[in-house]
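Report on one structure; see the data block that follows.
The values are calculated or read from the model by the stated rules, or taken from the named source; none is laboratory data. Model, not experiment: these values are computed from the prediction. Reconstructed Cβ throughout: ideal geometry from the backbone, glycine too, with neighbour counts over all protein chains shown. Surface areas here come from the heavy atoms of the whole protein model, side chains and all, with no ligands, DNA or RNA. Shrake-Rupley method; radii C 1.70, N 1.55, O 1.52, S 1.80 Å.
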Amino acid sequence: MISVKHRLLLSLLMSVSSSPAVASSDSNGPACEGFGPQAPRDIDQLAGDNKSIFSLAPHYTSMNLCNIHFHHNAEHKAKDFSKYAGEGDHGHGGGYQCNTSQSLSSAELTLSKNEVCKGLKPGNTIEVHWVHTSCDVKPGKGLTSCLSDGCSNPNLRVEAQVFTVVNDSSVLNFNDLAYGGNIEDGYHQAKALPDNTGKPVEFLGSTTGPQFTEQVCSPFQVTWSVRPLCTKIDINSLGEWCKDNVFKEDHAHGVRKLVTNPKLLSDMK
């Protein structure tokens, strides 16, 4: 049987904005108070005034991969993905794009024969999140897969990479970065993570998604590791993954608006 505490955590992860743990959703209202540092952020800006401190999660190789999903455009911002896409529609189409997305060849922008991941197109930017947990769980659907009834307050770590989507089989294949049922040293792990896109920027933050704002904060504590450089990913490999994966992911999620209020950001200095 699921405990009351676990049920509450599940409801928060399902992002019910009417939860009493969440502040008013008025976008012009005051910033959240009493919450820990939030995400996403500009990873080139190191300063933050949020005084809530929690321990960094272990390295991802010492945690279980519990979920993989991706967002339409980058939630975070960095020099290499700083082209503003706008507010979007409920988080879809907002956020930031890779600068390289403006200089792709006609071949890279060739449309796929079939629809990919419910509307993904060559030239799009995506931010992929490999979510890891300290709980002894198997990878599965949604962030609730990162919890169990006996482990309802885990350490969470997200490894993040921003990609430019292109129609080119010579670039990265997403299936090489996915989960194939592989276990390493007793932990569920992705086949690989990008290792040539700069030193990851590590900081304390929260869960993301368009249901959260600077007025509606996420209560979950997350260690983030965001790679600072974009790289290209083959759209056809994404299409294959969206058709069949243990996470039941078949589309790009919306983005949370960039958090800029220093009171909601951790200090990375």
**OP:** Would you please name the residue that is least open to solvent (accessible area, probe 1.4 Å), looking only at residues in segment 70-105 that are over 17 Å from Val171 (Cβ atoms) and acidic (Asp, Glu)?
**Re:** Glu75
Subject >> Residues of segment 136-147 classified as surrounded by fewer than 16 Cβ atoms within 10 Å (Cβ to Cβ) and among the small types (Gly, Ala, Ser), total >> reply: 1
**OP:** Those residues that are open to solvent by 80 Å² or more (accessible area, probe 1.4 Å) and either at pLDDT 95 or above or on the phi > 0 side of the Ramachandran plot (or both), I need them from segment 23-43; list them, please.
**Re:** Gly34
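Restricting attention to strands (runs of 3 or more DSSP E) lying wholly within segment 58-106, give those where 1 or more residues are out of contact with any strand residue (DSSP E or B) (no Cβ under 9 Å at 6 or more places or on another chain) and over 23 Å from Ser206 (Cβ atoms).
Answer list for segment 58-106: none.
For Glu108, indicate whether it is surrounded by 14 or more Cβ atoms within 10 Å (Cβ to Cβ), under 19 Å from Val171 (Cβ atoms) and of a type in the set (Asp, Glu).
yes
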Original post:
Say we look at segment 148-174 and pick out the residues that are part of a loop (DSSP other than H, G, I, E, B) and out of contact with any helix residue (DSSP H, G or I) (no Cβ under 6 Å at 6 or more places or on another chain); which of these is least open to solvent (accessible area, probe 1.4 Å)?
Top reply: Pro154
Original post:
Out of all the residues in segment 205-216, is one or more aliphatic (A, V, I, L, M) and touching a His at 6+ places or on another chain (Cβ under 9 Å)?
Top reply: no
Subject >> Top-ranked residue in segment 122-147 [being part of a loop (DSSP other than H, G, I, E, B) and out of contact with any helix residue (DSSP H, G or I) (no Cβ under 8 Å at 6 or more places or on another chain); ranked as nearest to Arg227 (Cα to Cα)] >> reply: Ser134
